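I have placed the structure first, in the form of structure tokens, so that the comments after it can refer back to it.
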Amino acid sequence: MSKRTNALADRLEQGACALAAFASALTDAEWQTRVPGDGRKVGVIVHHVATVYPLEIQLAHAIAEGNPVGVTWDAVHKMNAGHARENDAVTKEATLELLRRNSAEAAAAIRALGDEQLDRAAPVSLNADAPLTCQFLLEAHAIGHSYHHLARLREALKR
């Protein structure tokens, strides 16, 4: 584990912990609130963040190995819509456990990377096939995801 990978993993854990603290304090009514402009329930969005950690880490590992990422935004939107339909009744307890488990596994996977892997770049279709580094993908997706959604949820609930 390098200082860089440890710092990245720490930031992922901090974001997940902040999201978990926010979610654990929600009332049942807040958990069920649909987010304006998004349509998903607050609880479904928290569950979404927890669910996609493994996929985000898988994509980062692809770049770490020098392989391009070929995921489209259409596929992301379709996956998110399917997740919302399938998890509309997700419970807070199950979601918080999934968030805890998947964020811990994601942090461990980041810590297992080397600096050379963090610096490796490959085309990323989500960004017009720009050659992006593994570290960038981690920061933009696995690490930034919880912070992004937490800010949107706070705004939606005026918290």
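The values are calculated or read from the model by the stated rules, or taken from the named source; none is laboratory data. Nothing here was measured: the structure is a model prediction, and the numbers come from that model. Here Cβ is always computed from backbone atoms with ideal geometry, including for glycine, and neighbour counts include all displayed protein chains.
So, of the residues in the stretch 108-159 that are small (Gly, Ala, Ser) and within 13 Å of the chain's Cα centre (by Cα), which turns out to be farthest from Gln32 (Cα to Cα)?
First pass over the stretch 108-159, keeping only residues small (Gly, Ala, Ser): 108-109, 112, 114, 121-122, 125, 128, 130, 140, 142, 144, 146, 151, 156.
Now narrow it down to the ones that are within 13 Å of the chain's Cα centre (by Cα): 140, 142, 144, 146.
On the way: Ala140: 27, Ala142: 25, Gly144: 24, Ser146: 19 Å.
Out of the qualifying residues, it is Ala140.
Checking Glu86, Glu56, Glu30 one by one, the residue that is surrounded by 13 or more Cβ atoms within 10 Å (Cβ to Cβ), more than 19 Å from Leu132 (Cβ to Cβ) and modelled with pLDDT of 95 or more is Glu30 and no other. Just one of the listed residues (Val49, Val90, Val71) is within 18 Å of Phe22 (Cβ to Cβ) and outside any helix (DSSP H, G or I), and it is Val90.
Of all the helices (runs of 4 or more DSSP H) wholly in the stretch 94-159, which have at least 3 residues that are crowded, with 17+ Cβ neighbours inside 10 Å and at pLDDT 95 or above? If you could, list the steps in order and put the result at the bottom.
On the way: elements: 115-119, 134-137, 144-157.
Hits in the stretch 94-159: 134-137, 144-157.
I'd like the full set of residues that are basic (Lys, Arg) and within 19 Å of the chain's Cα centre (by Cα), limited to the stretch 16-72. Let's see the steps before the verdict.
Step one: of the stretch 16-72, the residues basic (Lys, Arg) are 34, 40-41.
If the condition is that a residue be basic (Lys, Arg) and within 19 Å of the chain's Cα centre (by Cα), then Arg40, Lys41 are the ones that fit.
All conditions but one from (1) crowded, with 18+ Cβ neighbours inside 10 Å; (2) among the aliphatic types (A, V, I, L, M); (3) out of contact with any Leu (no Cβ under 8 Å at 6 or more places or on another chain); (4) part of a helix (DSSP H, G or I) apply to Met79; the one that does not is (1).
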